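Inspection log for the structure reproduced underneath, given as structure tokens.
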Amino acid sequence: MDFSTSITLNGLIQQFLIGLSRTTILFIVSSGLSLVLGVLRIPNVAHGSLYMLGAFLCYTIASFLGASSLGFWLAILLAPLVVALVSLAVERGLFCHLYDREHLMLLLFTFALMLIFGDVVKAVWGSEYRSLSPPEVFQGSLSILGMPFPKYNLFLLCAGPVVAFALWFLTQKTKIGKIARAAAVDRDMVAAVGINVSWVFASVFVIGCYLAGLGGALVAPTQNISQGMDHTIIMEAFLIVIIGGLGNVWGALLGALIFGLTASMGILVWPQFSIVFPYAAVVIVLVFRPKGLLKATW
Amino acid sequence: MVKRLSTRYAKSSALKLLLAFSVVILLLALCPQFLPRFFVYLLALILISGLQATSLNVALGYGGMYQFHHAVFFGIGAYTVSIMLMKTNLPPALSFLAGPMVAALLGFIMGLICVRLSKLYFGMLQLSLGSLVWIVVFRWYSFTGGDDGLHGVPVPSLISSVNGSYYFALITSIVALFMMYVILNSPFGRILQAIRDNPERSEGVGVRVKLHQLVTQVIAAFFAGVAGVLFVTVEGSAFPDLLSWTLSLEFIIMCLLGGWFTFLGPMLGAAIIVSLRTLVGVYTEYWTFALAVILMLLIFFLPEGVLGYFQRFSPVPEHSPAEDK
């Protein structure tokens, strides 16, 4: 294959848009991870499992409600909420006893959760692939500069900024966001002024996990829903959070952009090794800025 | 007075320990004579996982470094020996030596980048470097076989049978464990533990903290490479899962389960987990569920691991930093 002719401007734009829609999913998932890591200081390995759970729940709810597009939208709405409920139970039942433990212990504890979620998904949904088609409005593709582009990905492109804005509003403008940011810096001080830190942590954890579920529900129509989804996404989300700066939601956005775009642009340069590019980009960033691009919250 | 008592105690206990080890080694050496083939194979796997977990513990338990992606060195050792045996005509002994050497070299390179940071940041950096290595191995079809891996590695016939590979694994892991024990009880090992317990103060008395940590990375990677080579002699194959992050976490669990402030704890943890996977795995495909429940109970109730828990009641307790927290 001759590289000089294979890369056209249109192809470049198409890959850019595909990369951006992948970025959206990565951002939604990793911002949740970053939030939990920043405020609660839990490196939540089970985050990817909640993403997988979101995707499977979205599939099940959508097929239960029938093929209508209303069913699909309800599934997108309900699946993350169920995930959030599960995470609330986990937080109140298990995590709230463990906050003073070392990071390594917390990491292993969430790994145990990941194993359990993996087995639950295997037991409930079995090991075959599932696929979900998007609602009629977003089926098929439209042509952008002569290149086909799936309509559903356009929807994803719009969803990304909405989530980013909601997160910005939540952390900067609402009371709970302000308390959470304060608790991320000094939780003892926040407790000392009479705020119930335990419940602040619980809500942040639930919001973070909601984002994982939302990412899973949104990604459901674009790929096969299968076991093992959790392994890939948690690796990517962790790397994104690391290069963005631990706990920094905007860092997660930046990291997701780097990760998503290098992967999709890499296909144009060297298709066989396209998946290697984002990992190489992560390493390059970390060699020069070992603590991430933006300021970590701790 | 206390010191003299404890050294006298230590001498008699060292003798007892030596005796106990000789008996254990003798029993292990006799195993293939009366155990079925499957259990000999299982024992070999336990030895290899235990060696890998012990090498991880050099950095994790003794060095206090968050070694999040130790499986990379294991996998690289396995891949190096497989590729050299399959694709070159060099003498097999050279390939067997090359596995640990390449792993140590990778440990040196990754260590150079990682030791600049500490704790969670160190672990995260190692995780990202390790996943780059993993994804390259996963994708490089022409060289590493990609996601299929390499199968049917031509291991020399002397050590390719079940018993042959078992004895090879047994002898090599005993030698490797002995070497690690000597290293950890040398002045170097003591300094390493001092760094773990208080890096700032160690730096203050003139210890070159980063240099010691880098050397530890190389040592840990070297012995992980040894374990990787042994894995190939037992299984005859290498595949990308050997470098996966979940495997790394599994090794950390072995350390935690057995006791990560004890020398033999990781071996015990490996024995528990490998037997659990193999024996429970026969009855149900949900063996990871059992592992997860054990892990959770462990974190809640036994954060020092099984050996660490019993060591608490021994007359000469080893100092464990978990108690400082």
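Only the coordinates and a few stated rules stand behind these numbers; no lab work does. These figures come from a predicted structure and were not determined experimentally. Here the Cβ positions follow ideal geometry from the backbone for every residue, glycine too, while neighbour counts run over all protein chains shown.
Ranked for footprinting exposure by Cβ neighbours inside 10 Å, fewest first, A:170, A:261, B:60, A:85 give A:85, A:170, A:261, B:60. Once you have a ≥ b ≥ c as the square roots of the Cα gyration tensor eigenvalues for the protein assembly as shown, tell me rounded if a/c is under 1.5, and otherwise prolate or oblate according to whether a/b is larger than b/c. Prolate, because a/c is 1.5 or more and a/b exceeds b/c. Relative to the longest principal axis of the Cα atoms of chain A, the long axis of helix A:175-185 lies at roughly 80 degrees. Annotation for segment B:233-317: chymotrypsin sites (Phe, Trp or Tyr not before Pro) lying in DSSP loop with at most 12 further Cβ atoms inside 10 Å of their Cβ are B:313. If only the Cβ of Lys and Arg carry +1 and only the Cβ of Asp and Glu carry -1, the dipole of chain A around its Cα centre is close to 620 debye.
Checking every one of the trypsin sites (Lys or Arg not before Pro) in segment B:169-218 against DSSP loop status and a limit of 13 other Cβ atoms within 10 Å picks out B:208.
A Cβ-based charge dipole, computed about the Cα centre of the protein assembly as shown with Lys and Arg at +1 and Asp and Glu at -1, lands at about 1340 debye.
For chain A, the longest principal axis of the Cα atoms and the long axis of helix A:229-244 meet at an angle of about 70 degrees.
Across chain B, the relative contact order, built from alpha-carbon pairs under 8 Å that are at least six residues apart, equals 31 percent. Dipole of chain A computed with +1 at Lys/Arg Cβ and -1 at Asp/Glu Cβ about the Cα centre; of A:228, A:174, A:279, farthest Cα towards the positive end is A:174. Ordered by the count of other Cβ atoms within 10 Å of each Cβ, fewest first, B:39, A:95 give B:39, A:95. Ranked by how many other Cβ atoms sit within 10 Å of their own Cβ, fewest first, the residues A:289, A:101 fall in the order A:289, A:101. Using only the Cα atoms of segment B:73-206, build the gyration tensor, take square roots of its eigenvalues as a ≥ b ≥ c, and label the shape rounded, prolate or oblate: rounded if a/c is under 1.5, else prolate if a/b is larger than b/c, else oblate. Note, shape of segment B:73-206 comes out oblate. Projecting the Cα atoms of B:257, B:154, B:27 onto the dipole axis of chain B, where Lys and Arg carry +1 and Asp and Glu carry -1 at the beta carbon, places B:27 farthest toward the positive end.
Springs between alpha-carbon pairs under 10 angstrom, Gaussian network model over chain B: which of B:49, B:22, B:161 fluctuates most? Among B:49, B:22, B:161, the largest GNM mean-square fluctuation belongs to B:22.
A DSSP coil position with no more than 16 other Cβ atoms inside 10 Å describes none of the chymotrypsin sites (Phe, Trp or Tyr not before Pro) in segment A:174-283.
Build a GNM of chain B with springs between Cα atoms under 10 Å apart, and of B:200, B:250, B:304 the one that fluctuates most is B:200.
Taking every full run of DSSP H in chain B, the ones that stretch at least 18 Å from end to end by Cα along their long axis and average 1.0 or higher on the Kyte-Doolittle scale are B:2-34, B:37-57, B:71-87, B:92-114, B:119-139, B:162-185, B:209-235, B:245-258, B:287-301. From its DSSP helices (H runs of at least four residues, each -39,500 (n - 2.57)), the protein assembly as shown gives a residue-normalised ellipticity at 222 nm of -24000 deg cm²/dmol. Please report the spacing between the Cα centers of segment B:39-115 and segment A:149-180 in Å, no decimals. Between the Cα centres of segment B:39-115 and segment A:149-180 lies a distance of 44 Å. For segment B:32-243, a simple Cβ point-charge model (Lys and Arg +1, Asp and Glu -1, everything else neutral) yields a dipole of about 400 debye relative to the Cα centre.
Under the classification rounded if a/c is under 1.5, otherwise prolate if a/b is larger than b/c and oblate if not, where does segment A:1-87 fall, given a ≥ b ≥ c as square roots of the Cα gyration tensor eigenvalues? Here segment A:1-87 falls in the oblate category. When the pairs A:151/A:175; A:173/A:295; A:173/B:210; A:295/B:210; A:151/A:291; B:87/B:119 are compared against a 31 Å limit on Cα-Cα distance, A:151/A:175; A:173/B:210; A:151/A:291; B:87/B:119 fall above it. Relative to the longest principal axis of the Cα atoms of chain A, the long axis of helix A:47-64 makes an angle of roughly 60 degrees. With Rh defined as the Kirkwood radius, the inverse of the mean 1/r over Cα pairs, the Rg/Rh of segment B:245-316 is 1.01. Between A:283, A:29, A:39, the Gaussian network model of chain A with springs among Cα atoms under 10 angstrom shows the greatest mean-square fluctuation at A:283. Between residue B:39 and residue B:113, the distance separating the two model label sites (each 7 Å from Cα on the Cα→Cβ line) works out to 4.6 nm. Net charge of the neighbourhood of residue B:202, taken over other residues with C-beta under 12 Å away and scored Lys/Arg +1, Asp/Glu -1, is +2.
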